[in-house]
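Data block below; observations after.
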Amino acid sequence: MAQISNTYSGKIVCLDKANVDTDQIIPKQFLKSIKKTGLGPFLFDSWRYEDEGYLGKEASKRKLKNDFVLNNKAFSDANILVAKENFGCGSSREHAVWALKDFGITTIIASSFGDIFFNNCFKNGILAIQISKSNLDKIFSKQSVTKPLEISVDLVNQKIFYEKLFEENFEIDPYRKKCLIEGLDEIGYSLKYENEINKYEQKLRKERSWVINE
Amino acid sequence: MAKRTLYDKIWDDHFVTSRDDGSDLMYVDRHLVHEVTSPQAFEGLRENNLKPRRVSSILATPDHNVPTTSRDNNVDGIEDSTSKLQVMTLDENCNEFGINQFRLDDMRQGIVHVIGPEQGLTLPGMTIVCGDSHTSTHGAFGSLAMGIGTSEVEHVLATQCLVTKKQKNMLINIEGAIENGVTAKDITMFIIGKIGTAGGTGHVIEYSGDAIRSLSMEGRMTLCNMAIEAGARAGMVAPDEKTFAYVKNRPMAPKGDLFDKALKYWKSLPSDEGAKFDEIFNFKSEDILPQVTWGTSPEMVVSIEDEIPHTSDKNVLSALNYMGLKPGTKIKEIELDQIFIGSCTNSRIEDLRAASEILKDNKISKRIKKAIVVPGSGLVKKQAEEEGLDKIFIEAGFEWRDAGCSMCLGMNPDQLNQLERCASTSNRNFEGRQGYKGRTHLVSPAMAALASLEGKFSDIRDL
């Protein structure tokens, strides 16, 4: 599990669309990869490029769509993605998170997220922050197309600061926070409870033996 | 004892322990695996020198990348080299770890969410996971079934547990007899239209009411399949006599005394009278007409009698621009290029029967460039052929294909061409889902079949 800093600042890029599904974040043809890396060039592929992409297609030779925000050079080093409600809904494909991470996104801020996507973010060291719709609207109303604005994140105290406009506390499950801060090996952590799992299985063999279809 | 919901009961019976970081370990009874979301998980196991904890809990099959036109050359028949590598990687991983796989040349191969119930692997009261969001399908049996990411697939393989927190309970109750021609697909799309694609986020949905009870097991699978399209990781229907009759004698279901013991347990599962739900929706069957989506999100849906709504919302206008449609257009005026009958939502025998009933002694419209029917499994295909349904489809002008996910998401060659418009029995009308710049309208199998004859949408109730 990747570790992230306790406090950090980053440039934001705002994606002004609700209900962005994971099919848009990474289209289906890229799910054929058997690796977790190398998907960044294909992030939002259909929205980013004029042509249809495929795995291994050389990004530098492709024509970019001028009207897509990630193609604006002012945002080329943005690492905080600000989106609208229900970001990452739909397919469970973790490739969506791998693509965002490979592109350089470390943090995603939205007013709500798809459940599976939200979970997948934390498994890959990406902090997904849910903030109030009113503050999200403030960010969108102040965004600039020429000069990226900055957001600071204080993970320990669970606060974000947006320029001088507002600070907001955000909720994060303690286990997700611990994983991000300490960069824990999730499987190793669960295997510390192997005795409890063994005991559960013994009980299962007695009470619901049909589950163990050996 | 406190009154509990179906979800509460399954949760309690699968709770292993709380970790000291505040999360819980939930035991996983069944793990379905396919070629797309598992390679990185198996690689992770190897890197950490781990093995699957309980191999008998796992069933694997290739479904997303597989060709549907011919199986004569087995894996060598997969033309796209990256698709082929993914299917071969699943073969290698299953060999290495001793996992039961229905390979491409196995009659039982098919879409994971079709073959689990078909084999009796899916049983009431179980926890079932798969690296696939439509795992919610299995909730039709009164199980807790949810889609997970690849990191979670690896975690479940290694520990047989999911790190999670208990979600909220939502009840969606639908009373009244369903009108003839209205199907489970219409019910589930109607619900999404009402509560939205984020309506169920953070919840497990239990569907109840006499309209739900009256659905067949196939219908309940269609209903729960699209719970994820309402934002809920899991949807469920309490098990009843229909459920028990369906699972009895399936190859992987318990037999004899063990079945009786299981049955006693399953009967204890339905929500207690007066159990608390965090959120409740009540709908009336009489308000549910055949549904058709018009946009790029499943919540952009109306009935066949309606027109595309007028709006100033720029997200909706952008969706309409993608779809090549305008506000105020009547659904019945929308003309189609392709028809797809299949997917984990609607590829079971009952779906094929419903579609073939419409097609019998008819021909598809000259407007339709291509119409394909893709059975959910090799066994569904076989049964349909025994019933002569293949001949009805073929005589009407449909292509009769082999089992797989096919044009639901077009990871194999079954895709729409640019700007083509499709009436599809699948679950997602997202941009590009069925093909680059392709346009998808979600409907029931009967409505798709009727649309194939007319070349545009028509009301199944007018037949």
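Nothing in this text is a laboratory measurement; each read-out follows from the coordinates by a stated rule. Computed from a predicted structure; not experimentally measured. Note that we place each Cβ from the backbone using ideal geometry, even for glycine, and neighbour counts take in every protein chain shown.
Brief remarks on what is shown
- Here B:K381 is the anchor, and the lysines within straight C-alpha reach of less than 20 Å, apart from those fewer than 8 places off in the same chain, are B:K360, B:K370, B:K391.
- Residue pairs exceeding 22 angstrom between C-alpha atoms, taken from A:K28/B:K314; A:K138/A:K178; A:K32/A:K101; A:K32/B:K437; A:K57/B:K437: A:K28/B:K314; A:K138/A:K178.
- With contributions of -39500 (n - 2.57) from each DSSP H run of at least four residues, the per-residue ellipticity at 222 nm computed over chain A stands at -8000 deg cm²/dmol.
- 25 °C / 0.890 mPa s Stokes-Einstein diffusion coefficient of chain B, Kirkwood radius on C-alpha pairs, µm²/s: 110 µm²/s
- Counting Cβ atoms of other protein chains within 10 Å of each residue's Cβ and taking the mean over peptide B:198-204 gives 4.
- Residues whose amide H falls under 5 Å from that of B:L171, counting only those 5 or more places apart or on a different chain, are B:E206, B:E279, B:I280, B:F281, with hydrogens built in the peptide plane.
- Which of A:Y54, A:T37, A:S134, positive extreme of dipole for chain A (C-beta unit charges): A:Y54
- Anisotropy class of chain A from Cα gyration tensor, a/c 1.5 cut: oblate
- If the segment from A:S152 to A:K35 were pulled out straight at 0.36 nm per residue, it would be longer than the present Cα-Cα gap by 38.9 nm.
- Averaged over residues, the count of other Cβ atoms within 10 Å places the peptides B:371-383, A:152-164 in the sequence B:371-383, A:152-164, highest first.
- 4 °C / 1.567 mPa s Stokes-Einstein diffusion coefficient of the stretch A:117-214, Kirkwood radius on C-alpha pairs, µm²/s: 76 µm²/s
- Here B:E395 and B:K366 are evaluated by their C-beta separation; at R0 = 22 Å the FRET efficiency comes out at 0.90.
- Over all other residues within a Cβ to Cβ distance under 13 Å of A:K11, the charged ones net out to -1, with Lys and Arg as +1 and Asp and Glu as -1.
- When each of the peptides B:48-54, A:84-90 is scored by the mean number of other C-beta atoms lying within 10 Å of its residues, the order from highest to lowest reads A:84-90, B:48-54.
- ³J(HN,Hα) computed for each position of the stretch A:32-40 - Karplus, 6.51 cos²θ - 1.76 cosθ + 1.60, integer Hz, glycine/proline x: 6, 5, 9, 10, 9, 9, x, 8, x
- The mean number of Cβ atoms from other chains found within 10 Å of a Cβ in peptide B:127-135 is 3, as a whole number.
- Taking a straight line from the alpha carbon of B:K276, these lysines sit under 21 Å away, with near neighbours fewer than eight places off in the same chain left out: B:K3, B:K9, B:K165, B:K166, B:K168, B:K267.
- Distance (nanometres) between label positions extended 7 Å along Cα→Cβ at A:S209 and A:A74: 7.0 nm
- A crude spin-label estimate for the pair B:K382 and B:K51, with each label 7 Å from Cα along the Cβ direction, gives 3.2 nm.
- A:K206, B:K314 arranged by Cβ crowding within 10 Å, fewest neighbours leading: A:K206, B:K314
- In a simple Cβ point-charge model (Lys, Arg +1; Asp, Glu -1; nothing else charged), the stretch A:10-172 has a dipole of about 440 debye relative to its Cα centre.
- DSSP-assigned coil residues among GluC sites (Glu not before Pro) in the stretch B:75-121, each with at most 15 further Cβ atoms within 10 Å: B:E79
- For the protein assembly as shown: rounded, prolate or oblate by the Cα gyration tensor [a/c cutoff 1.5]: rounded
- Helical contribution to [θ] at 222 nm, DSSP H n ≥ 4, -39,500 (n - 2.57), averaged over chain B, rounded to 500: -9000 deg cm²/dmol
- Amide H contacts under 5 Å for A:K84: A:K17, restricted to partners 5 or more places along the chain or on a different chain, H placed in the peptide plane at 1.01 Å from N.
- Whole-angstrom gap from the stretch A:35-107 to the stretch B:241-259, using each part's C-alpha centre: 47 Å
- Span from the the stretch B:129-154 Cα centroid across to the the stretch B:1-64 one, whole angstrom: 9 Å
- Computed from point charges on the beta carbon alone (+1 for Lys and Arg, -1 for Asp and Glu), the dipole magnitude for chain B about its Cα centre is near 200 Debye.
- Residue-count net charge about B:D20 - beta-carbon cut-off 13 Å; Lys, Arg +1, Asp, Glu -1: -1
- Near the amide H of B:G120, within less than 5 Å, lie the amide hydrogens of B:M252, all on another chain or at least 5 residues away, with H placed in the peptide plane.
- Sequence-distant contacts, meaning Cα pairs under 8 Å at least 6 residues apart, place the relative contact order of chain B at 17 percent.
- Cα centre as origin, Lys/Arg/Asp/Glu Cβ charges: the protein assembly as shown dipole, Debye: 680 debye
- The aspartates and glutamates whose alpha-carbon is closer than 14 Å to the alpha-carbon of A:K17, local same-chain residues fewer than 8 away aside, are A:D67, A:E85, A:D137, B:D313, B:E431.
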